[in-house]
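The values are calculated or read from the model by the stated rules, or taken from the named source; none is laboratory data. This one's a predicted model, so the numbers in the text were calculated from it and none came from an experiment. Here the Cβ positions follow ideal geometry from the backbone for every residue, glycine too, while neighbour counts run over all protein chains shown. With ligands, DNA and RNA removed, areas are computed over all heavy atoms of the protein, side chains included. Shrake-Rupley method; radii C 1.70, N 1.55, O 1.52, S 1.80 Å.
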Amino acid sequence: MSEVIVITSGKGGVGKTTATANIGMGLARMKKKTVVIDTDIGLRNLDVVLGLENRIVYNMVDVIEGNCRLKQALIKDKRCPELSLLPSAQTRDKSAVTPEQMIKLTEELKEHFDYVLLDCPAGIEQGFKNAIAGAERAIVVTTPEVSAIRDADRIIGLLEAAEFRNIDLLINRIRPDMVRRGEMMSVEDVVEILAVNLIGAVPDDEEVVISTNQGEPLAGDDTQAGQAFFNVCRRILGEEVPLLEFEQTTGFLSKISGLFHRGR
Amino acid sequence: MKKFSFMHKDQSCSVAKDRLSTVLLADRLNCTPEMVELMKQEILSVMEKYLEIDRTRMTIHLEITTKEEQGVKHAKTIQIKGL
């Protein structure tokens, strides 16, 4: 039974592409046949994060327009053959495809893959509508910052209006030191505000920048972010995984201060 | 919101949470914070017509909660505290 998941956020730059690349790689490392699709037409990035930028021949728009067969456009990752990438077109724009075409594309992909992950562009216009068209499930990515949370809330509203029943939250770029000092919202804070099921919390990790520089996703690696992303994959597969040490942000001091904040 | 002296300043996290709850409420209800204030005042005026209340002691808390019980996916509620 294949699953089509869209990874979206509203706000740009919170880590959708990084999350798509790592969740895709993580699922593939767990031996699930996974395809990741870059739906950001005109601003493609998933290829570069995965380190597959030199292997692009055809792209998603080519497939939809019938210029090539699906198999010709799919790029199989040599490091992990269960993972494939369907790249975006760099020289077109978001009006090049329609939601109906996206549905047809994801239906065809479901026949060949266990997981179809769609990397959604920022915003709420055509790009967003295209990316969610064929998906049954959404992961909303946010950071613990005011503007990202506000946009995530809006996106959740739009997803619910589009009748998504399965919406999960991924909180990215957490800085446990700032949370302990009370200068950053905690995982619990964000979940309480957005009122959506949490699928994972990823710490702000230098290794992510390094991994993007090298084009080597870190899901499953021995790094903090790598472990966090891998846990997201395990939860997607239905496993109950407790939040990791660094993911928990209630320390001793914040437990005390929490007692006094409750009076609000 | 009381704080002990060792919390030397209003920590930005609690400021952020307060601001977010105001902003999200306005976004979700599709109305501005000013309109929310006016609405609260008018609700108090209506209640004053039928009840003996002390306006200075009352607060109206507008909260949007999501409940999944009994097949209801969304419930938008207005809580009136201080009666």
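So here's what we get for this one:
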quantity: Any hit, the range A:26-34, residues being farther than 19 Å from A:D221 by Cα and at pLDDT 95 or above; calculated: yes
quantity: The one condition in (1) at positive phi; (2) more than 14 Å from every other protein chain (Cβ to nearest Cβ) that B:I43 fails to fulfil; calculated: (1)
quantity: Sole exception among (1) open to solvent by 10 Å² or more (accessible area, probe 1.4 Å); (2) at pLDDT 95 or above; (3) charged (D, E, K, R) for A:K94, by number; calculated: (2)
quantity: Verdict on A:F230 being in contact (Cβ under 8 Å) with a residue 60 or more places away in the chain, under 13 Å from A:S9 (Cα atoms) and of a type in the set (F, W, Y); calculated: no
quantity: Cβ-Cβ under 6 Å pairs, at least 6 apart or on other chains, the range B:45-63 side part of a loop (DSSP other than H, G, I, E, B), far side open to solvent by less than 70 Å² (accessible area, probe 1.4 Å) and at pLDDT 85 or above; calculated: B:I53/B:M47
quantity: Qualifying helices (runs of 4 or more DSSP H) (wholly inside the range A:12-84; at least 3 residues being surrounded by 16 or more Cβ atoms within 10 Å (Cβ to Cβ) and in contact with a Gly (Cβ under 9 Å, 6 or more places away or on another chain)); calculated: A:16-29, A:46-50
quantity: Selection within the range A:172-199 - touching a Pro at 6+ places or on another chain (Cβ under 6 Å) and either open to solvent by 40 Å² or more (accessible area, probe 1.4 Å) or more than 11 Å from chain B (Cβ to nearest Cβ) (or both); calculated: A:I174
quantity: Count of the range A:200-222 residues which are open to solvent by 10 Å² or more (accessible area, probe 1.4 Å) and at positive phi; calculated: 1
quantity: Selected residue (only one of A:A148, A:A131 is under 15 Å from the mean Cα position of the chain (by Cα), under 21 Å from A:L43 (Cα atoms) and within 14 Å of chain B (Cβ to nearest Cβ)); calculated: A:A148
